[in-house]
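Only one structure is covered here, and it is reproduced in the block below.
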Amino acid sequence: MKSITRVLSLLAMFSASLLANAETFVFTAIPDEDESRLQQRFNKVADYLTEQLGVEVKYIPVKSYSAAITAFRNDQVQLAWFGGLSGVQARRIVDGSEAIAQGYEDQFFKSYIIAHKSAGLTPAETLSDALKGKTFTFGSKGSTSGRLMPEFYLREHFNAAPADVFERVGFSGDHSRTIAQVQSGAYQVGAVNYSVWDAEVAAGKIDTNSVQVIWTTPTYPDYQWTIRGDVDARFGEGFKEKVRTTLLNMTDKDLLASFPRQSFVPASNADYAPIEDTAKAIGLID
Amino acid sequence: MPNNRHWEINSTGKKLALLSLLFLLSALICIPFADLKIYPSEPWRELGRIAWGFVTPWWDDPWLLVQALGQTIAFALLAVVLAVPVGMLLAMLWHWRVVRMLAASVRAVHEIFWGLLFMQLWGLSATTGLLAILIPYSGVFAKVFAEIFTRQSPLPQATLAPASDRFSRYAYTLIPQAFAELSHYVRYRFECALRSSAILGFIGLPTLGFHLETAFKQGQYSEAAALLWVFFILIATIRFWLQPKLLPVYVIAAIWLLPETPPVSGGMLWQFISEDIWPRSLQDGDLSAALSWYARVFTSEAWPALLQTLMLTQLALVLTGAIALMVYPLGSRALAGRYRLPGRGLLLVLRSTPEMMFAFVLLLLFGPSGLPAVVALALHNGGLIGFLAAGHSEKQIQRLDDPSGMNRYLYQQTPRLYPGFLAFLFYRWEVILRESAIMGILGIATLGFFIDSAFEELRYDKAFFLILVTALLNILVDSVSRRLRRVSGAEDAGGLG
């Protein structure tokens, strides 16, 4: 009997927490660069937004691109720092949602193709046919810089799917992992976000004798802030504009380092049409 | 102890040997087809960093660690507390085929996939984490409890009034009769639940796995090691802190610790069930287009992945058996005597380290292929079976004229344990099948790889179909292993799955 009471009270607590619904503005960020201490870093951003917007702002951490999109769709977050592809995916399933700002660097983002010295590849202006038959790793499956754009250019050059070009195609799940796996030669070639690579080189974490950049993609638009369309109705007229202005006015170097970006600039859904077309071209979205 | 009887089943030996050979042969046949290529690499720099991190654990925010630890225990504890009554109820209704089917199908889906499914609805919340453990564990409890009940003597039931209903029979005879065995199993399952809870952190729940995956992924090996050490200690000390008397206190603390569940609209739940998980064409009522969609997914992804998964599973299973036989004596008092402590430590590390980490280290060593996957699965599961076998080896009654050393291992302990050991392996068969899902980083397209991709591409219709295929495969493997167990006399192992 006692256990039944316990179960009932437990269920009661669940339903109570289901009903609790405070008007808190919640945001998330895809776990892409320097994922550790994300919580600490983004809590500072949340404090800044709370102060500027006059509503309580909370950050929740997620583990994957798809989790960020799901939270956005389910209205568990109203604002998200998405990658190019995840932003497109999210805006397709949430009517009225809008890209409002991007990082300065995101206007001309790029990916590197990196290779271990055992692959015998050298830096070049174009993709080399010698890539054929090598082992290759992308980053996360839903990453724009670690998967989408590199895959697009590989398909364009070889006119074939990566699985047919390379002996083996893996998904390391993360840019740092991609670097570690190519550096050790476990995979001969990999695709990586340029800013993660540059940061790790600057930090002295990479042995450039064993792994180097052999090709750089053309530039493309990447990360952006996307907001749900119904925020004005929930948080008051003009709220969306206020969020946009607040983000664009963010000048604190410490806060910007969380992303890491030098500043934010305006963005629109149309800026990401090339990403959407690319994702369609390689069959990631219908 | 009722368990011991089953470890000493007097089999002809021949049947068991034949069965073992059959498995060995099936693995040997797989070898030329499975992809086990070794690539040359220079792993030493990275491996050195991993090893250095492992011996220099460091964590700079103790409060965060305490929180993650608390959440890990909270999810595991509440899920088990809720799953036990559900499993018990199902076990009482085990004579209904529909209940057996239900239990088998919920068991067949890995906690991570349950988690990914529920995450679509409840986000990263208490509900998602609890259901992800609670649902498959209810299925496991139902099956194991039912097996335990069938082994009980029917005599005490004869003393009940003839008109007694089913529930009185259980309440007054079967449950009290089996109580020691039932609680022993629940205890063991709680350790599994702690592992499941930690691993759910990989998809975002705030447990130890959350920080562990991040630290490991970012190459911060000292931090990853700190979390692993904490987890090892947690598992090693279960018997000291899990006191039945303290259970109510723990349950209340656990409820208080769980993260809050955000509001979910009923509309969303309905949309998920009625639209998201079905292909567009089926929603439009175009049956032939829907069939061809299912056929396409099956031939292009599910079928090749199924073969790949089965092959890896078969190899991993045989290697698991070999590893378990090698490591169990190290942790057994009967065989290692007072030198068993390091052996116990090894078994703890093997069974408590997530396979994903073994897979990464082995990937650095061997390069991307099926080999790291097979070895990683075998190390983890071999450690687990070794641990269970060592426990049972200790319970054997000893005599003064027992042989010692190798003779004892080869001619006394191992033959005595062997029927139960095989039963363990059969139980792990379906577990290994589920776990082969994690091997996407190795560039091996198992069923789990495609399920993960489908979730990542927000194609829930495809994810749902592939999960169904996996579940059916699991049910099939489960029924084959049940039949083999019955034929061979490795009937059951005191229900330790």
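The values are calculated or read from the model by the stated rules, or taken from the named source; none is laboratory data. Bear in mind that the values here come from a model prediction, so they are computed numbers and not experimental data. No Cβ is skipped: glycine too gets one built from the backbone with ideal geometry, and neighbour counts run over all protein chains shown. Each accessible area value is taken on the protein alone, full model and side chains, heavy atoms only, with ligands, DNA and RNA left out. Shrake-Rupley method; radii C 1.70, N 1.55, O 1.52, S 1.80 Å.
Which FRET efficiency value, to the nearest 0.05, do you get for B:I397 and A:A160 by plugging their Cβ-Cβ distance into 1/(1 + (r/R0)^6) with R0 = 60 Å?
Efficiency for this residue pair is about 0.35.
For the interface of chains A and B, what total accessible area is buried with a 1.4 Å probe, rounded to the nearest 100 Å²?
Chain pair A/B: roughly 5000 Å² of buried accessible area.
List the residues of the range B:198-233 that lose 20 Å² or more of accessible area once all protein chains are present, compared with their chain alone (1.4 Å probe, heavy atoms only, no ligands or nucleic acids).
At a threshold of 20 Å² (probe 1.4 Å), the residues of the range B:198-233 that become less exposed are B:F210, B:T214, B:K217, B:Q218, B:Q220, B:E223.
Just the number please: accessible area per residue for the range A:49-101, 1.4 Å probe, all protein chains included, in Å².
The answer is 26 Å² per residue.
May I ask you to give the percent of accessible area on the range B:311-400 that is carbon plus sulfur, with a probe radius of 1.4 Å?
With neighbouring chains kept in place, the figure for the range B:311-400 is 72 percent.
Let me have the relative contact order for the range A:110-216, percent, based on Cα pairs under 8 Å that are six or more residues apart.
47
Most mobile of A:A163, A:A267, A:A46 per a Gaussian network model of chain A (Cα springs, under 10 Å)?
Looking only at A:A163, A:A267, A:A46, the largest GNM fluctuation is found for A:A163.
Taking only Cα atoms and a 10 Å spring cutoff, compute GNM fluctuations for chain A and point out the largest among A:V213, A:V192, A:V201.
The residue with the greatest mean-square fluctuation here is A:V201.
Per residue, how much accessible area does the range B:389-429 show when a 1.4 Å probe rolls over the protein heavy atoms, in square angstrom?
Counting only protein heavy atoms, the per-residue value for the range B:389-429 is 48 Å².
Got a sec? Which residues in the range B:335-371 would a label at B:L47 touch, if it sits 7 Å along Cα→Cβ and we count backbone N under 12 Å?
B:361-367, by backbone N distance to the label point.
Rounded to a whole number, what % of the accessible area of the range A:110-216 do carbon and sulfur atoms account for, probe 1.4 Å?
45
Given the options A:K58, A:K141, A:K242, which has the most mean-square fluctuation in a GNM of chain A, springs set between C-alpha atoms less than 10 angstrom apart?
In the Gaussian network model the winner is A:K242.
Calculate what fraction, in whole %, of the accessible area of the range B:47-264 sits on carbon and sulfur atoms when a 1.4 Å probe is rolled over the protein chains.
Its accessible area is 72 percent carbon and sulfur atoms.
At 7 Å along the Cα-to-beta-carbon direction for both B:L64 and B:H95, put a label point, then send me their distance in nm to one decimal.
5.6
With the solvent-accessible surface defined on protein heavy atoms using a 1.4 Å probe, which residues belonging to the range B:348-365 display a reduction of at least 30 Å² in accessible area in the multichain context relative to the isolated chain?
Residues of the range B:348-365 that lose at least 30 Å² of accessible area once the other chains are added: B:F360, B:L363, B:L364.
Within chain A, which is the longest segment containing none of the GluC sites (Glu not before Pro) that sit in a DSSP loop and have at most 10 other Cβ atoms within 10 Å?
A:126-236
Give me the distance in nm between label points sitting 7 Å out from Cα along the Cα-to-Cβ direction at B:S164 and A:A130, one decimal.
Once both label points are built, they end up 8.1 nm from each other.
Residues of the range A:136-181 that become at least 40 Å² less accessible with every protein chain present than in their own chain isolated, using 1.4 Å: which are they?
A:K141, A:E167, A:R168, A:F171, A:R177, A:Q181
Give the accessible surface of the range A:110-216 per residue, rounded to a whole number of Å², with probe radius 1.4 Å and ligands, DNA and RNA excluded.
Solvent-accessible surface per residue comes out at 34 Å².
Once you keep just the Cα pairs under 8 angstrom separated by 6 or more residues, what percentage relative contact order results for chain B?
Normalised by residue count, the contact order of chain B is 24 percent.
Along its principal axes, what span do the Cα atoms of the protein assembly as shown show, with the longest given first and each in whole Å?
On the principal axes, the protein assembly as shown reaches 80, 60, 59 Å in Cα extent.
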